[in-house]
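A.B. asks: First the structure, then my questions, so here it is.
Computed from the coordinates by the stated procedures, all read-outs in this text should not be read as laboratory data. Quick caveat: nothing in here was measured; it's all calculated off a predicted structure. Cβ: placed from backbone, ideal geometry, glycine included. Neighbour counts: every protein chain shown.
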Amino acid sequence: MADYVLHYAPDNASLVIRLVLEELGVPYQTKLVDRNMRAQRSAAYMALNPVGRIPALETPHGPVFETAAIALWLADTHRDTVHLSPYLEAPDRARFLSWLFFLSNTVHAELRTLFYPSTIVGENAEAQAALQLRTQKNLLRHYTLLNAECDSGGVFGSTTPNLCDFYTAAVLRWPAIYPTASDRSWFALSNWPALERLAHMVEARPSTAALIMAEGMGPTPFTKPAPPNPPEGSAI
């Protein structure tokens with residue numbers, strides 16, 4: 001019987017956790033959070049994740065929520081199986097944590113702003129457009145920082161992936177295809193060669209093959225992504 005239940009939706013932040021679980025090789029089950037039914041706001045789901053966002057992970061020690069927290073908890077718990085995060089006493093642990101939470105708290109958070117501007121400025125179309133433009137400029141700077149760190153041979157981007165690699169692959173996928181009704185020409189993976197190499201590396205992993213199968217993604221989900229065709233649920 002699986003120790004973990006991943007509450008997920010296709011092509012949501014839960015894909016990072018699916019990649020980590022697959023890399024660790026630990027048994028897990030999945031439970032769809034049906035966004036069309038706003039199941040993420042149901043009482044049952046919010047008992048697991050009071051923020052009402054996806055993902056949540058049920059564990060023998062209770063539920064864990066927030067993507068970076070789940071990923072780090074899994075990596076630290078199963079370090080004897082696969083090494084996805086530095087040891088607590090490792091010299092590069094502090095730098096690793098800085099970039100992991102930069103991905104979560106800054107890049108991922110600003111992508112949410114880009115995709116859902118109405119949650120910040122309401123339904124005013126002009127205000128939404130202005131906010132999205134500012135956010136795009138911020139994200140361009142963030143990707144340039146990530147590219148430099150990756151190119152430097154720092155805490156991610158090597159041939160042996162860690163949590164930062166998987167999270168980075170996800171935040172490279174989403175702006176290439178979302179929001180579906182907006183101009184996405186501002187984003188081009190080829191502008192950041194080190195990040196493009198990282199995307200190819202993660203794409204070649206067996207964990208990505210499992211993700212493609214489970215969530216109906218195309219064969220190049222990180223280098224040349226296309227909207228998914230999931231066997232259950234909806235990405236939007």
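A.B. asks: Picking from ALA13, ALA68, GLN40, whose Cα lies most toward the positive end of the charge dipole for the range 4-77 (charges on Cβ: Lys, Arg +1; Asp, Glu -1)?
C.D. replies: Projecting each Cα onto the dipole axis, the largest value belongs to GLN40.
A.B. asks: If you don't mind, there's one more thing I want to ask. With just the Cα atoms defining each centre, how far is the range 46-71 from the range 87-141? Give it in Å.
C.D. replies: Centre-to-centre distance over Cα atoms comes out at 20 Å.
A.B. asks: Filter the GluC sites (Glu not before Pro) in the range 82-174 to those in DSSP coil with at most 13 other Cβ atoms within 10 Å of their Cβ, and list the result.
C.D. replies: Hits after loop and neighbour filter: GLU89, GLU123.
A.B. asks: Something else about it: Using a Förster distance of 35 Å, how high is the FRET efficiency between ASP80 and ILE212, based on the Cβ-Cβ distance and rounded to 0.05?
C.D. replies: That pair, ASP80 with ILE212, gives E of 0.80.
A.B. asks: Also, quick follow-up: Report the label-to-label distance for THR160 and ASN191 in nanometres (one decimal), using points 7 Å from each Cα along the Cα→Cβ vector.
C.D. replies: Inter-label distance under the simple model: 3.4 nm.
A.B. asks: Given Cβ point charges of +1 (Lys, Arg) and -1 (Asp, Glu) and nothing else, what value in debye, to the nearest 20, does the dipole of the chain about its Cα centre take?
C.D. replies: Result for the chain is approximately 440 debye, rounded to the nearest 20.
A.B. asks: Pulled fully out, how much extra length does the chain show between THR180 and ASN138, if you take 0.36 nm times their separation in residues and subtract their Cα-Cα distance?
C.D. replies: 13.1 nm
A.B. asks: Could you work out [θ]222 nm for the chain from helices alone, using -39500 (n - 2.57) per DSSP H run of at least four and dividing by all its residues? Round to the nearest 500 deg cm²/dmol.
C.D. replies: About -14000 deg cm²/dmol.
A.B. asks: When you count, for each residue, the other Cβ atoms within 10 Å and take the mean per peptide, how do 217-226, 112-121 rank with the highest first?
C.D. replies: Most protected by this proxy first, the peptides run 217-226, 112-121.
A.B. asks: Quick query: amide H of MET217 versus all other amide H atoms, modeled in the peptide plane; which residues come in under 5 Å with a sequence gap of 5 or more or a different chain?
C.D. replies: ASN229
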